[in-house]
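Nothing in this text is a laboratory measurement; each read-out follows from the coordinates by a stated rule. All figures in this text were calculated on a predicted structure; none of them were measured in a lab. Cβ: placed from backbone, ideal geometry, glycine included. Neighbour counts: every protein chain shown.
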Amino acid sequence: MGRSGCAYARCLTLLVSTSLLLLTFSGHTSERDLQAVERQVVRDVCDRDLVLLGELPGHGEAVGFALKARIVQRLVERCGFDAVLFEAGDYDFIGFEQAVARGDAKAARLDNAIGGFWSNVELAGFRSWLFDQAVRRRLVVGGIDDQPGATSRHASAVMPALVAAQLPATDAATCQQAVARNLDWTYDKTHRFDAPERERLQVCARQALARYADNDASSDRLMVESLFHYFSRQNRSPEGRERDRSMHRILDWYRERLPKGSKVVVWTATSHAAREQGALPWKPLGALLAGAGETDMATIGFTALSGESGRRGSKRARLPELPDDALEARALTSGAQARYLNNQALRAHDGRTSRLFGKAQVDRWSRHFDGVVVVREERAPTFPDATEPPK
């Protein structure tokens, strides 16, 4: 029986690996160009301990998603990376990890943790591969954001009671109800998401967090602290860490728990991966890591010259046109459908306009990224409950 189970697991991994390799985008991006970019990125970052892979901040580009998935798989299988962390709430990944430890993890739980941006058809095989690797204890899959998402089922199920359990009886019920209202978003005419409610949420989370020791490294404390910073930002309080500082904190928590010598890949937006703040209105995660002395890190930006972007339930939209001398246009003058610019090649495009941070702007891109992937034509993802995003 054990041998049959192992054979089945190996076959499943092979099937998923093959499906990732055969992903094509008929008429959009040639397979040959995608394979070349994949090889070049993996070659450049294989020996790093930490790799930040970006994407356009709209989180709605199918070609980039599928290419990132292939790169992540190669980093795990060929370069020894043993953790994949998403720009998604830590709560449901912790719930998934607990389910793996109990032996009752389900793929739907991991899908909920990963969230709606990446729950598309193009990444179905990748998510299956992640699940298989995680339940076989070959890979840690986690989240580094403090924001609960629309699919954060574990956060809704456990956080109200977890906060209440740390509070005196006089406050516990009120706080539990307030946290549940927020995470389930069940506001009505009686209970509104107004200034008093935002203050109440922050105070509840602050009081609960105060009951934990500063050196408590438990997942419960991590989640309560995440909720405190999330509620504090909702309340526009200076106590709330900026999202990237919160992501830095959660990333550190994961890395401290991993075995010595572990290698981590972070799936995030290009604007969070940047090594320097530049014109960004906040200090990005990549810059925070660099400022903390992270020397064995690679940051890879993703961008596109043209095409469409879309999210679940939203209208797909054309990417705004770029000038003829934009980084994206100049990088693809050879006619390639996708291209990877390593840091040396990227220097030739410093001072050019690019949409790497979303809005077209000029910057010294080689100071932000070790490399950049440019796709000629993006397309909006498709989702299991629809053939395509609404027009």
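Things worth noting here:
- Count Lys and Arg as plus one, Asp and Glu as minus one, and take only other residues whose Cβ is under 14 Å from that of GLU197; the net charge is then +2.
- Lys/Arg +1, Asp/Glu -1 at C-beta; the chain dipole; positive extreme among SER366, GLY351, GLY143: GLY143
- The value of relative contact order for the chain, using C-alpha pairs under 8 Å at least six residues apart, is 24 percent.
- Amide H partners (placed H, <5 Å) of ALA88, local residues excluded: ILE144, ASP145
- In this structure, the amide hydrogen of VAL51, modeled 1.01 Å from its nitrogen in the peptide plane, lies closer than 5 angstrom to those of VAL264, VAL265, VAL266, ALA298, counting only residues at least 5 positions away or on a different chain.
- Our note on the geometry: Cα centres of the stretch 146-221 and the stretch 239-309, 27 Å apart.
- Greater than 27 Å apart at Cα, pairs in LYS189/LYS359; LYS68/LYS359; LYS283/LYS315; LYS68/LYS315; LYS106/LYS315; LYS263/LYS315: LYS189/LYS359; LYS283/LYS315; LYS106/LYS315; LYS263/LYS315
- Using the Karplus relation 6.51 cos²θ - 1.76 cosθ + 1.60 with θ = phi - 60°, the per-residue 3J(HN,Hα) values for the stretch 319-327 come to 5, x, 5, 10, x, 4, 9, 5, 3 Hz, with x marking Gly and Pro.
- Within the chain, antiparallel bridges make up roughly 30 percent of the DSSP beta bridges whose residues both belong there.
- Residues in the stretch 335-349 carry Karplus couplings, in order, of x, 4, 8, 7, 8, 10, 9, 6, 4, 5, 5, 5, 4, 5, 10 Hz; the curve used is 6.51 cos²θ - 1.76 cosθ + 1.60 with θ = phi - 60°, and Gly or Pro positions show x.
- Angle between the chain longest axis and helix 169-184 axis [Cα atoms, degrees, rounded to 10]: 30
- Rounded tilt (10° steps) of 124-135 against the dominant C-alpha axis of the chain: 50
- The stretch 215-220 - phi-based ³J(HN,Hα) in whole Hz, Karplus 6.51/-1.76/1.60, Gly and Pro as x: 8, 6, 9, 6, 5, 4
- Magnitude of the charge dipole for the chain, about its Cα centre and with charges confined to Cβ atoms of Lys, Arg (+1) and Asp, Glu (-1), is about 420 debye.
- Structure remark: mean-square fluctuation, Gaussian network model of the chain, C-alpha springs under 10 Å; the largest value among SER156, SER314, SER219 belongs to SER314.
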